[in-house]
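The values are calculated or read from the model by the stated rules, or taken from the named source; none is laboratory data. As the structure is a prediction and not an experimental result, all values here were calculated from the model. All Cβ positions, even for glycine, are placed from backbone atoms using ideal geometry, and neighbour counts span all protein chains on display. These accessible areas exclude ligands, DNA and RNA; they are computed on the full protein's heavy atoms, side chains included. Shrake-Rupley method; radii C 1.70, N 1.55, O 1.52, S 1.80 Å.
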Amino acid sequence: MRIKPSYVFTLLAMTVSLQKAVSETSLDQLANVSTNGQYANAQFCGYDDKQWYQQSGNDFFGFPKTESQTLYMQADNFNGQYDATHIATGNVSGYKDDQTILSDWLIYNQKADRVSMGDNIYLTRQYDAIQGKWADYFIDLNKGTFTQARAYYGKDNLTFTGDQINLEDKTHATIDNGFITSCNPDNPAWYIKADKLNVDYGNSEGSAKNAMMYFESVPIFASPYMTFPLGQRKSGWLTPSIGSNSNSGFMFAEGYYLNLAPNYDMTITPILWANQGIMISDEFRYMTEKNKGIIYTEQLPTSWANNISGVPSYRWFWDLQHTYTPFSDVQVGYSYNQVSDPNYFNNFGNFYSTVNNVNLDQSVYAQYTPTWGLASVKLQNYQTLYPLGYQNTVPIYSQYPAATLNINQTGIGGGFNAGVNTSYTYFYNDQLQSGQRAIVYPSVTYPMQKSWGSLTPKVGFNSTQYNIESTTGYPNAGSAQLNLPIASVDGSLYFDRPINSGKNSMTQTLEPRLFYLYIPEVNQSNLPLFDTSTATYNYNQLFNENQFVGSDRINAANDLTFGLSNRLIND
């Protein structure tokens, strides 16, 4: 229905004919519904969840372009008179400019261009989508009040919930006694609660008064006033960190974030350690079309605890990461980590992500990942730490180099697929027995795939060759080899059924899986252990060929494994 001031008519007298016109031309026919608008990809804590936004209606209705004074509406029933008040009830929807209104009932004051509406209210605008219990709204002014309301800001994936949301204009709003989160607002992992929240979409910033930050419903920080960005980063002080360490005592850190450019930034953090001194940490992040990386450092110029044996006066930590991608399937990069002394993480380990790390990676690599497989080469060294109280630290092997060439399973005719995995590594350690290892593992499969299940027989032959160097204390020098056939059959079935859970349509699946593996038993005690350990036990590991991580050991097997998966999929 169209309400236009230049037309004079009595809505009450035209109710039947207008409703007939609307019924003959449905919204689906009138509207070119947008499915890729700025709110269509609403996410909560990083997960795609369109359900809440879809309930709020279309981003816009595809009515013809008209002057801004034209309002289009449709509902089950209309009553009213031109240039006065109009009442619409039942499935009310309206469109004007970039605003869409949905509600169960609506009262429209045409002279003031003002709507009062209630029950299942949704308003979408240029920047946000608002849901509420009751609303009083001036359409042309983009101004109004929503009670028991929730607003979603799609540009920065933020949700505001409050007792009342006051829209000041198109770009400004306040939220009374509410909270903000980027998670699912019904069960947020984190949120900031405040007496009043102010948002400014135009300047992409917001503020909160008498704010408290919660993580998993636990209060972690309070402030009488704080600011936060909307849609773009901004320079400013970050939330301070407070903690303690048994070796370094009380810790207080206050970081300052510098938004230097859209593709690089820096965070400088002074840190006070009561028993150690004043440390400065600096994190510089950068990203270009083909490069990205991080430069992170911690610097303690003078340690207050330098009278302790093994603790130098000047202490530091460097972490450098860089990746260069000249082509979509080619990647080159490096990782470099080093500390000033073996006890560094005993004193400062909990402040950075390298907790309990005694082997610091120092590597450079290049890899090519075409559709047919993988080709890579890597040089890797470690700084092995021997902190006080950890004299049993086991040094790890360096790899000079580690080269890999894998060819994925590819059709060779007759329904058969074939592939091969190969690698060569030189393992070096000045305290252990060094040596070279070369592996060739060709395999053939015959996959049989149906929509209701699959069956994949596989046969392969793993050949591992060693050339072990002579080292004092390690008598097993010379060449060694391990040759083993490996056979398996992997089969699964797929059953599903539709189920309904409230408003959600779900699919329940039942997926039994049977896996048979045969590997003959061979004595491997004379072979070195360069990079191999027992794999972590989990569901997926039940269906792997090898119980070990690494290639120095292959378990014997004559095993039949049965597994059952049950999934609930939100349609």
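Going by the conditions given, is Gln465 under 22 Å from Arg553 (Cβ atoms) and modelled with pLDDT of 95 or more?
yes
Could you check, for region 201-208, whether at least one of its residues is assigned to a loop (DSSP other than H, G, I, E, B) and surrounded by 15 or more Cβ atoms within 10 Å (Cβ to Cβ)?
The answer is yes, given that some residue of region 201-208 is assigned to a loop (DSSP other than H, G, I, E, B) and surrounded by 15 or more Cβ atoms within 10 Å (Cβ to Cβ).
Looking only at residues in region 411-432 that are open to solvent by less than 20 Å² (accessible area, probe 1.4 Å) and touching a residue at least 60 places away in the same chain (Cβ under 8 Å), which one is nearest to the chain's Cα centre (by Cα)?
Per the stated criteria, the residue is Thr425.
For region 249-324, list the strands (runs of 3 or more DSSP E) that sit wholly inside it and hold at least 2 residues that are of a type in the set (Asp, Glu); which are they?
Because the criterion is at least 2 residues that are of a type in the set (Asp, Glu), the strands (runs of 3 or more DSSP E) in region 249-324 that meet it are 277-287.
For Val549, indicate whether it is in contact with a Leu (Cβ under 9 Å, 6 or more places away or on another chain) and at pLDDT 90 or above.
no
With respect to Asn566, is the statement that it is of a type in the set (S, T, N, Q) and either within 28 Å of the chain's Cα centre (by Cα) or more than 30 Å from Thr422 (Cα to Cα) (or both) true?
yes
Ala487 fails exactly one of the following numbered conditions: (1) over 30 Å from Tyr446 (Cβ atoms); (2) surrounded by 16 or more Cβ atoms within 10 Å (Cβ to Cβ). What is the number of that condition?
(1)
For region 465-478, indicate whether the set of residues that are closer than 25 Å to Leu560 by Cβ and not basic (Lys, Arg) is non-empty.
No, every residue in region 465-478 fails to be closer than 25 Å to Leu560 by Cβ and not basic (Lys, Arg).
Being modelled with pLDDT of 80 or more, over 17 Å from Thr393 (Cα atoms) and open to solvent by 50 Å² or more (accessible area, probe 1.4 Å) is the filter here, so list the residues in region 339-365 that pass it.
Val364, Tyr365
Looking only at region 99-140, filter to residues that are in contact with a Lys or Arg (Cβ under 6 Å, 6 or more places away or on another chain), closer than 14 Å to Leu71 by Cβ and not aromatic (Phe, Trp, Tyr); which one of those is surrounded by the most Cβ atoms within 10 Å (Cβ to Cβ)?
Looking at residues that are in contact with a Lys or Arg (Cβ under 6 Å, 6 or more places away or on another chain), closer than 14 Å to Leu71 by Cβ and not aromatic (Phe, Trp, Tyr), I get Ile139.
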